[in-house]
Amino acid sequence: MSLATVRWGALVLGVAGVALTLLFHWQVFFWVPTEASMGIVQRIFYIHLPAAWVGFLAFGIVAICSAVYLWLGEEKLDQAAVAAAEGGMIFTTIVLTSGPLWARLAWGTWWTWDPRLTLTLLLWFIYLGYFLVRSSTENPERGRRFAAVVGIVGALNIPLIHMSVVWFRSLHPPPIVARQDGPQLHPDMLTTVFTALGAWTLIFFSLFLLRYGVGRLEARIEQGVIPS
Amino acid sequence: MTSWIALAAAVAAKDLRVEFRTRERIVVMGAFIVLAGVLFNYAIDRTAVHPREIAAGLVWVTIVLSGLLGLGRTFELEKEDGAMDALLAAPLPRDALFVGKVMANTLLLWGVAFFTLAVFWLFFQLQMPGNPLPLFGVLLLGTTGFAAMGTLFGGITAGTRMQESLLPVLLFPLVVPLITFGVRATADLLAGFPPEHSAPSLRVLGAFTLIALTAGVGLFRFIVED
Amino acid sequence: MNPLPSVVVALVAIAALLFAPGVLEGQETTAPRQMRHFWHVFAAYAIAWVLLFGWAVSIARRIGRLERRVGGGEGT
């Protein structure tokens, strides 16, 4: 993928993402009905759930790119992994701040040891380790390999971590969108959540591509392909 | 194949021999365990909760924290006098080196686990189950996985500026399954439940150990090569 | 490009977002629970916007730095 394609892709995805974001904000604040039992605070749901999905998606990209990077040694895969990890950190932070703001009013407590919230917290710390390992190595090439190992082992452990956190009883509502018997949600709420999901997936990929392009450019300047 | 195992065993024997001669890690970890027990005694209000009731959690937290002290120094010796370069130049597959290191660390952590159990038994009047073998099995299996995971990440932190102070940040999120299911099985066994009751927890501990070992064998060469 | 103005603008925006719902809280006697809900929803959305915007700004600054290195090579 050439850098011009990356830039155009980022632009197109970004414009579409911002448009969808405006749309879902209008839906959230003016259109969607208020949930009966939780009230207005339930509207946090429309950023909370999509952010969680994107955060996990980003972690998948980090793990796959890291594994292929170690396998093929292609530097651009590492740059893609870093770009995804940055985005993952941003979106998991959104999950971790919006979750407590919602929980405080819905269940009367800022923090609950809810499986998915706890899993996100641990994911956040795995991302943190990913960046700490990179920044604390003198040899950047070695830092890339270390970070890739952290990303892969983190992903391998996710199923087990998930099992552990699920074992603790949960206040969190059971899945309401991803269910076998179809989502249990007012159709307007469902539309809103999918708009939000689309908006943030697009914004994530737009910024991911931009960040990836910057990483490629930096590497080319470092290697002297582009004279500075 | 036999020579591969022999090579790994040679690495483990070298590490253990050095350890028994210097006794650096053993002394520090042993003292840590006893002193942690003393601190727990003062930290826990005995009128509210008897330490015996939360012993399983205390035992595992102590194993993980004292184990961290030892695991962080796995590659300490290799950093001096270019010993790592010599080890890597030797006709020794990287995965055999990893397995050897894990073997030495595992034996060390098995010692840590039994010593912790003994200290807590003495301090907090733990009631051992009639047949202690399943309990020992849980401790041995869990610490094996912890040693494998810790050796891999110890190799990573040894190559960073932050050294072993980075190890808890990398390792703690990943040992959550170990703590959850290790504590659960240990508590059940200490409470006198039959061993079959803990089979699901043991399976998770086994899966954790397997993942840690395979990941280490497959990925270790990427963290030592230069 | 001096980063200071953009930082000041961002800080003012954050302050506005954080304190505006606080103004509403003065009317708590009417519907305290309702106001508290608004406050939390606004805070959650504001944090999300600030984080995403911050990520975009950090990427833009990286691009700016690269452009200066490539374009203004003689000057520095």
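Roughly how tilted is helix B:2-22, in degrees to the nearest 10 and between 0 and 90, from the longest Cα axis of chain B?
Once rounded, the angle reads 70 degrees.
How large is the helix-only mean residue ellipticity at 222 nm for chain A, computed as the sum of -39500 (n - 2.57) over DSSP H runs with n ≥ 4, divided by its residue count, in deg cm²/dmol to the nearest 500?
-26500 deg cm²/dmol
When the helices in chain B are scored as -39500 (n - 2.57) per DSSP H run of 4 or longer and the sum is shared across all residues, what 222 nm value do you end up with, to the nearest 500 deg cm²/dmol?
Per the formula, -25500 deg cm²/dmol.
Using Cα springs under 10 Å in a Gaussian network model of chain A, which residue among A:Gly17, A:Gly154, A:Gly108 shows the largest mean-square fluctuation?
A:Gly108
So which lysines pass the test for B:Lys101, namely a Cα distance under 19 Å, with those fewer than 8 places away in the same chain ruled out?
Counting by Cα, and skipping residues close in sequence, B:Lys101 has these lysines nearby: B:Lys14, B:Lys79.
Provide a whole-number value for the mean count of partner chain Cβ atoms within 10 Å of the Cβ atoms in peptide B:161-171.
3
What nm value, rounded to one decimal, do you get for the distance between B:Ala89 and B:Ala6 when each label is placed 7 Å out toward the C-beta?
2.4
Percent relative contact order of chain A, based on C-alpha pairs within less than 8 angstrom and at least six residues apart?
36
What percent does the relative contact order of the stretch B:2-224 come to when contacts are Cα pairs within less than 8 Å and at least six residues apart?
Value for the stretch B:2-224: 28 percent.
Taking 0.36 nm per residue of separation and subtracting the Cα-Cα distance, what length does fully extending B:Ile54 through B:Ile26 add?
Gain in length upon complete extension: 7.5 nm.
For peptide A:135-145, how many partner chain Cβ atoms fall within 10 Å of a residue's Cβ, on average? Numbers along the way, then the final one.
Details: counts 3, 8, 5, 3, 2, 0, 1, 8, 2, 1, 9.
Per residue, the average neighbour count from other chains is 4.
How far is helix A:140-167 tilted off the main Cα axis of chain A, in degrees rounded to 10, range 0 to 90?
The helix A:140-167 is inclined about 20 degrees to chain A.
Please work out the C-alpha center-to-center distance from the stretch A:76-137 to the stretch B:197-225 and express it in whole Å.
24
Just need the Rg to Rh number for the stretch B:2-224, please, alpha carbons only, Kirkwood Rh.
Details: Rg = 17.9 Å, Rh = 18.1 Å.
Checking Rg against Rh, the ratio lands at 0.99.
Can you give the average number of partner chain beta-carbon atoms within 10 Å of each beta-carbon in peptide B:178-187, as a whole number?
On the way: counts 2, 1, 8, 4, 0, 0, 2, 0, 0, 0.
Per residue, the average neighbour count from other chains is 2.
On a 0 to 90° scale, report how tilted helix B:24-43 is relative to the longest principal axis of chain B, with both axes built from alpha carbons and the result rounded to the nearest 10.
With both axes taken from Cα atoms, the answer is about 30 degrees.
Distance from the Cα centre of the stretch B:125-195 to that of the stretch B:38-87, in angstrom?
10
Order C:50-59, A:187-196, B:19-28 from most to least packed using the mean count of other Cβ atoms within 10 Å.
Averaged packing, sorted descending, gives the order A:187-196, C:50-59, B:19-28.
Let me know the charge dipole size of the stretch B:2-224 about its Cα centre in debye, to the nearest 20, where only the beta-carbon of Lys, Arg (+1) and Asp, Glu (-1) is charged.
Here the size comes out at about 80 debye.
About its Cα centre, how strong a charge dipole does the protein assembly as shown have in debye, to the nearest 20, once Lys and Arg get +1 and Asp and Glu get -1 at the Cβ?
220
Laboratory data are not the source of any read-out in this text; all were calculated from the coordinates shown. Values in this document were obtained by computation on a predicted structure and should not be read as measured data. Counting neighbours? That spans all protein chains shown, and the Cβs are built from the backbone with ideal geometry, glycine included.
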